[in-house]
Amino acid sequence: MIGKIKKFNFKSLLILNTFALVVTSYFFNNFILIGAFILFFFISLLTTQNGLKIIRKLNILQNIRSEGPANHYIKRDTPTMGGIFLIVPFLMFLLIITINLSSLKLFLLFLIIFGFFIIGFLDDYLSIKNKNNTGLKTKEKFILQSIISIIFILLAYEKNLINPLITVSDSWGVNTNIFILPISFLLLVGISNSVNLTDGLDGLAAGCSGIVFYGLGTEILMKEQQELFVFSVLCYSMSGICLGFLKYNDYPAKIFMGDTGSLSIGAILGSIALLTDSVFTLFIFSGIFFIESFSVIIQVGFFKITKKLFQRGKRIFLMAPLHHHFELQGVKEQKIVENFWKINILLVILGIVLKINL
């Protein structure tokens with residue numbers, strides 16, 4: 001069905017995602033889910049629309065890296081740091097729930113999201129201030145991400161909020177024991193940077209994030225654990241927020257989310273997966289994010305190895321991340337994004353099917 005849709009754009013994705021949420025809400029007999037999605041979709045629309053005006057007045061505009069595809073120069077001076085209008089409403093909602101429920105899990109979730117939000121904000125701010133596409137240095141960013149992730153992991157592990165048994169299905173899982181600590185670290189830092197790397201084409205990261213949040217929220221619902229219901233509501237709220245932002249981020253983008261948005265989105269996905277024992281399915285749902293990240297690792301690794309062996313570095317891809325490779329092959333930006341969205345939808349379906357049948 002997906003493959004027969006000739007033009008799969010923002011409206012198509014919104015309709016499909018809304019339909020899936022209506023079906024899910026009906027199946028689980030809880031219309032709070034679709035309500036949360038719709039509410040935050042419109043909140044995101046309004047905050048992004050009005051925030052766009054503020055950003056233009058403040059002249060907070062995107063800088064394009066010189067080594068990127070040449071056709072991206074037309075994106076120069078596009079308003080950026082739109083992640084503020086994604087993450088701030090979510091943090092406010094999360095804080096209200098945390099105070100009302102007095103939940104340690106939710107407090108730790110708020111802590112790590114806020115931490116990654118500040119890192120992304122600093123990176124974007126320095127990039128704009130320095131008038132280039134580099135804010136925090138890679139090492140600085142990694143150190144800050146590591147500190148916040150380690151604090152979150154140690155606190156959660158000490159209170160038994162992270163399950164060392166990575167559940168694959170109701171009948172079996174993998175007991176990682178103490179190795180859950182490095183696994184958790186790699187997940188948090190890895191997916192945060194993976195979403196960041198994916199955010200290179202108009203609407204790519206926002207659209208994929210909206211899809212993944214739906215999948216993660218549904219997978220958590222399928223656990224049928226009442227204490228985890230709030231995390232499903234949070235996931236569906238973020239799905240609505242991402243698609244509301246996508247209205248202005250879809251090609252041609254009127255605003256970019258920046259690291260403020262992409263790093264925070266990754267932190268939300270990773271931390272919720274850890275706190276709800278959804279690591280296995282998140283890995284499947286987030287296949288696009290991880291493929292984009294692996295393409296960079298492969299490209300850099302292959303270049304360094306061949307440079308040592310042959311005194312001249314060679315490349316596997318025309319450019320990494322992978323979406324730039326397809327761009328340089330002549331595939332239109334909208335087509336790349338459309339196909340990545342479709343693949344992400346199939347990955348969510350695959351993850352849910354595996355959850356049901358394993």
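The values are calculated or read from the model by the stated rules, or taken from the named source; none is laboratory data. If you're wondering where the values come from, they're calculated on a predicted model, not measured in any experiment. Note: ideal-geometry Cβ built from the backbone for every residue, glycine included; neighbour counts use all protein chains shown.
Data overview
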quantity	calculated
Residue 208, sole failed condition from (1) more than 14 Å from residue 90 (Cα to Cα); (2) more than 13 Å from the chain's Cα centre (by Cα); (3) assigned to a helix (DSSP H, G or I)	(2)
Members of segment 5-36 found to be touching a residue at least 24 places away in the same chain (Cβ under 8 Å) and of a type in the set (Gly, Ala, Ser), listed by number	20, 36
For residue 258: the one exception among (1) in contact with a helix residue (DSSP H, G or I) (Cβ under 8 Å, 6 or more places away or on another chain); (2) at pLDDT 95 or above; (3) not charged (D, E, K, R)	(2)
Qualifying residue in segment 254-271 (condition: more than 16 Å from the chain's Cα centre (by Cα), buried (at least 19 other Cβ atoms within 10 Å of the Cβ), under 24 Å from residue 123 (Cβ atoms) and not polar (S, T, N, Q))	yes
Positions within segment 135-171 being of a type in the set (Asp, Glu), under 30 Å from residue 355 (Cβ atoms) and part of a helix (DSSP H, G or I), in sequence order	158
Residue tally, condition of a type in the set (A, V, I, L, M, F, W, C) and under 10 Å from the mean Cα position of the chain (by Cα), over segment 152-196	2
Residue match in segment 298-318 (condition: small (Gly, Ala, Ser), free of Cβ contacts under 8 Å to residues at least 12 places away in the same chain and touching a helix residue (DSSP H, G or I) at 6+ places or on another chain (Cβ under 6 Å))	yes
Criterion violated by residue 226 - all others in (1) at pLDDT 95 or above; (2) surrounded by fewer than 24 Cβ atoms within 10 Å (Cβ to Cβ) satisfied	(1)
Restricting segment 136-179 to residues that are touching a Phe, Trp or Tyr at 6+ places or on another chain (Cβ under 8 Å), crowded, with 17+ Cβ neighbours inside 10 Å and modelled with pLDDT of 95 or more, the residue that is nearest to residue 277 (Cα to Cα)	153
Cβ pairs under 7 Å, 6+ apart, first in segment 112-130 and closer than 24 Å to residue 185 by Cα, second of a type in the set (Lys, Arg) and part of a helix (DSSP H, G or I)	119/141; 123/141
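The rows are residues; the columns are (1) part of a helix (DSSP H, G or I); (2) within 18 Å of the chain's Cα centre (by Cα); (3) loosely packed, with under 15 Cβ neighbours inside 10 Å.
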| residue | (1), (2), (3) |
| --- | --- |
| 307 | yes, no, yes |
| 318 | no, no, yes |
| 344 | yes, yes, no |
| 351 | yes, yes, no |
| 356 | yes, no, yes |
